[in-house]
Amino acid sequence: MYPLRRNRRLRTSEAIRSLVRETVITPQDFIVPLFVVEGKGVKKEIASMPDYYRFSLDLLVTEVKELWSLGLKSVLLFVKVPDNLKDNIGTEALNPEGLMQRAIKTVKDAVPGMYVMTDVALDPYSSYGHDGVVGNGMIVNDDTNAILAKMSLSHAQAGADMVAPSDMMDGRIFEIRTLLEDEGFHNTGILSYSAKYASAFYGPFRDALDSAPAAIKDVPKDKKAYQMDFSNRDEAVKETLMDIQEGADIVMVKPGLCYLDIVRDIRDAVDVPVAVYQVSGEYAMLKAAAAKGWLDHDAVMLEQVIAIKRAGAHMMASYFAKDVVKLLS
Ligand code: PBG
């Protein structure tokens, strides 16, 4: 007697394993998040994100050229705004000469083919570190939406290909889509952070942009009144379907690894591309463990990005993008 089916037969060599492999990672899978600061000649490492940097515009040029040469064709821009330009309503976010608007033009001038996505939320511009306008101890939904729509228009006017609202206000996709259409930006896309959880994994990102919610009286200390409760699963599908109805071109789950059940639910429920954001805390955890010699950095990194894609992501925003692509080439 012998087993009729020996599954190990298809695992006997790398050649046969690669032939039956269900998920492969390529440079096209990635959106590269980039942090931009004012100044000249700045390439400053983020303390809680080893080997990840904030760039001034001149060095951003070098970086995006390198990304392009590696086959990385889309970026997601974030800006660190000086404190003196922050207020409660994100006034600076609408400045046509603001850092984001200049960053968009800089990337487009340096690498015209690069697909430029931009973060849309008030937190980097907010004196309170919140994604929306603060009023009476709350984040005021509809007032925020009006600003987010104008912010999106401003990014589109500066040359952004796609705006990425990360704020979790209700109805903002509709408001953004409407204003973009009214102003003739029919081809400016919307990547909606449709299922974004109130997660402690965003800590290092808030260090990078100095954008943590402020410890001020009558200001919420966390984002739980707008970002989703991480105990919820079905709600993620509801949020995402609503954003698609409102006009989202791509939807996103965030964070990544702890939320792969959500990724699969959404992938099965929608007919638009699904993105995942593998966030700063996920990056920091692996860097820290690898620095201690506790985990094999490259092996774990690859396992993680494959897992995200296997779960159902068509693409992912990841701080590992460059590392992965270099490793594979
Ligand atoms: C802000 C925003 C955050 C991230 C992306 N956009 C932080 C937050 O919501 O507090 C997190 C990204 C990361 O942790 O890598 N709207």
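The values are calculated or read from the model by the stated rules, or taken from the named source; none is laboratory data. In this text, all values refer to a predicted model and were calculated from it rather than measured experimentally. All Cβ positions, glycine included, derive from the backbone under ideal geometry; neighbour counts span all protein chains shown. With ligands, DNA and RNA removed, areas are computed over all heavy atoms of the protein, side chains included. Shrake-Rupley method; radii C 1.70, N 1.55, O 1.52, S 1.80 Å.
The table below lists the values:
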read-out: Radius 15 Å from Cβ of K221, net charge of other residues (Lys, Arg +1; Asp, Glu -1); value: 0
read-out: Mean residue ellipticity (222 nm) of the chain, computed from DSSP H runs ≥ 4 via -39,500 (n - 2.57), nearest 500; value: -11500 deg cm²/dmol
read-out: Heavy atoms of E97 accessible to a 1.4 Å probe, total area in Å² rounded to 10; value: 110
read-out: Percent antiparallel among DSSP beta bridges (both partners in the stretch 1-157, rounded to 5); value: 35
read-out: Fluctuation leader among K238, K43, K223 - the chain, Gaussian network, Cα springs under 10 angstrom; value: K238
read-out: Rg ratio (alpha-carbon, reference 2.2 N^0.38 Å) - the stretch 204-312; value: 1.25
read-out: Residues whose placed amide H lies under 5 Å from that of M252, excluding near-sequence neighbours; value: S192, S194, A195, A275
read-out: The stretch 94-111-the stretch 251-281 distance, computed between alpha-carbon centres (Å); value: 29
read-out: Summed residue charge, Cβ within 9 Å of D131's Cβ, Lys/Arg positive, Asp/Glu negative; value: -1
read-out: J(HN,Hα) series, the stretch 5-19, from Karplus relation 6.51 cos²θ - 1.76 cosθ + 1.60, nearest Hz, glycine and proline x; value: 10, 10, 5, 5, 4, 7, 10, 6, 9, 4, 4, 6, 4, 6, 5
read-out: Descending principal axes extents, the stretch 24-328, alpha-carbon based, whole Å; value: 48, 46, 42
read-out: Under Karplus coefficients 6.51, -1.76 and 1.60, residue-wise ³J(HN,Hα) of the stretch 246-254 in Hz, glycine/proline x; value: 7, x, 6, 8, 9, 10, 9, 10, 8
read-out: Proximal charge balance of E38 [Cβ under 14 Å; K/R count +1, D/E count -1]; value: +2
read-out: Label-zone membership for the stretch 108-130, site D83, 7 angstrom Cα→C-beta point, backbone N under 16 Å; value: 124-130
read-out: Point-to-point label distance, D249-L328, nm (Cα→Cβ direction, 7 Å offset); value: 2.2
read-out: Greater than 20 Å apart at Cα, pairs in K86/K108; K44/K65; K254/K326; K65/K108; K287/K322; value: K86/K108; K254/K326
read-out: Charge dipole (debye, nearest 20) of the chain; +1 at Cβ of Lys and Arg, -1 at Cβ of Asp and Glu; value: 1620
read-out: Relative contact order, percent, the chain [alpha-carbon distance under 8 Å, six or more residues apart]; value: 17
read-out: Distance between modelled label sites at F230 and L295, nm, 7 Å Cα→Cβ extension; value: 1.4
read-out: Solvent-accessible surface ranking, highest first, for I262, I89 at 1.4 angstrom; value: I89, I262
read-out: Whole-percent carbon and sulfur share, accessible surface of the chain, 1.4 Å; value: 54
read-out: Computed lengthening from A269 to E38, 0.36 nm per intervening residue step minus Cα-Cα distance; value: 79.0 nm
read-out: Accessible area per residue in Å² at 1.4 Å probe, computed on the stretch 24-328; value: 40
read-out: Two-decimal Rg/Rh across the stretch 1-86, once Rg and the Kirkwood Rh are taken from alpha-carbon atoms; value: 1.32
read-out: M228 long-range amide H proximity, modeled H, under 5 Å; value: K196, Y197, A198
read-out: Pairwise label distance in nanometres, S13 with H186, each label 7 Å out on the Cα-Cβ vector; value: 5.5
read-out: Residues V140 and A215, FRET efficiency given R0 of 30 Å [Cβ-Cβ distance, rounded to 0.05]; value: 0.90
read-out: Using θ = phi - 60° and Karplus 6.51 cos²θ - 1.76 cosθ + 1.60, couplings along the stretch 105-116 (whole Hz; Gly, Pro as x); value: 5, 4, 5, 5, 5, 6, 9, x, x, 5, 8, 9
read-out: Centre separation in Å (Cα based) which lies between the stretch 300-329 and the stretch 207-236; value: 27
